[in-house]
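Asker: Mind having a look at this structure? Questions to follow.
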Amino acid sequence: MKILWVFVMAALSMCAGCKKSETPGKSASSSASSDASLPDDGQPVTLRVKWPVGNRYAERMQVDGNTETHMPMSPKPMLQKIDLSQEYSVTVLGERPNGGRELELEFESAEMDVTMNGKPVVNLDTKAEAGPAESNPAVAGFRQIIGAKIKFHVDASNRVEKVEGVKEFSAKASAGSNPQGRAAMQSMFNEDYFKQMVDFQRSLPPQPVKKGDTWPVKTEINAPVLGAMNIDLNYTFQGWEQRDNRKCAAMDFAGTMSSKGDAAAASTGMSMKVESGKLSGKTWFDPELGHPVETSLNQDMVLHMTMPMPRMRTNTNAAVQAPTSQNITNNTKQNVVIKLVEVVSAAK
């Protein structure tokens, strides 16, 4: 399941006195948009990402999710609730040939609470000492990746050409985990996942737009076990709105997502596919800053899973004829909010 799980705060190396801190809640002449500097709803505007060298963007993501799991031979579904918040940042390290940029993402912190049928099973706060509720190998992996970094090569049109450090990240995240823990971390964090964190241009219109204009965005994301996940969205420019003291282009989006599963994983007796996947939400983009200020995303999906079952044996060590797999259905609803909490800009 593709869930934007990330956290981060990158350290920007600059000389003392050669930077200034800006927060979305405070106006700053270099980033906060004024009413006079942007067109009105009737004028077309070009929405383009900007990556000034030396800038650092601190982000915070909040995930609230509820899952209802139906398992064979279980009279009642298992109800799971997850609250996850993560902090991360992206630093623009330098300029590449032909106008591209080199970016560095660093994970800073994560907090997670999980309950099953109303009972707490996970409580994680990487800013505090590890507790007994972190015995789950997959959960422990979140603590191990604090401080981990991923690098991106972005071309002149702001699309990601190359991602570096994914294998090292995965190895660090799954160190000491059992096979289930490693599989969980690998399915959560892969190259396509990281691309989504900085490839904002893919969702913006390719031509200037005015209020009421729409455009399609189709994306294919590869994930272990799930295979190719197809996301088909339609965006609509709703006009200009103030968001955190910035004049932003407000864009609604809605669409579907689906996957048919990974054939390689199916050969091992494990498969997953998404059906009835629906996405909707809203993004506020500041054209003057060249960066999203906030995105709110709602996901509603049905996930079908086939899991292998261990073979039972009798006292004579002869295999007992029993089901070799079980079918599990997850009904999941999630709300994901990603906010820009601070911009530290290089001195001009």
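Asker: Pull up all non-local amide H partners of residue 147: gap of 5 or more, or a different chain, and H-to-H distance under 5 Å with H placed in the peptide plane.
Answerer: The list, which skips near neighbours in sequence, is 107, 108.
Asker: Now for a separate question. Would you list 68, 59 from fewest to most Cβ contacts within 10 Å?
Answerer: Values: 68 15, 59 25.
Listed from fewest to most nearby Cβ atoms, that is 68, 59.
Asker: Could you give each residue of segment 81-86 its phi-based ³J(HN,Hα) in whole Hz, using Karplus coefficients 6.51, -1.76, 1.60 with θ = phi - 60°, and x for Gly or Pro?
Answerer: For segment 81-86, the Karplus curve yields 10, 10, 10, 10, 10, 9 Hz.
Asker: Of 218/273; 50/162; 149/247, which ones are farther than 30 Å apart at the Cα? List each step's numbers first, then the result.
Answerer: Numbers: 218/273 18 Å; 50/162 18 Å; 149/247 32 Å.
From 218/273; 50/162; 149/247, over 30 Å: 149/247.
Asker: Continuing with this model, one more query. At a Cα cut-off below 20 Å, give the aspartates and glutamates reachable from residue 81, other chains included and same-chain residues fewer than 8 away excluded.
Answerer: Hits, sequence-local ones excluded: 64, 68, 111, 113, 125, 134, 300.
Asker: How large is ³J(HN,Hα) for each residue in segment 100-111, as worked out from phi by the Karplus curve 6.51 cos²θ - 1.76 cosθ + 1.60 (θ = phi - 60°), to whole Hz, x for Gly and Pro?
Answerer: x, 9, 10, 10, 10, 9, 10, 8, 10, 7, 8, 10
Asker: In sequence order, what are the phi-derived ³J(HN,Hα) couplings for segment 116-124 according to the Karplus relation 6.51 cos²θ - 1.76 cosθ + 1.60 with θ = phi - 60°, rounded to whole Hz, with x for glycine and proline?
Answerer: 10, 6, x, 9, x, 10, 9, 9, 10
Read the figures in this text as sums done on the coordinates, not as results from a lab. The shown structure was predicted, so the numbers you read here are calculated from the model rather than taken from an experiment. Counting neighbours? That spans all protein chains shown, and the Cβs are built from the backbone with ideal geometry, glycine included.
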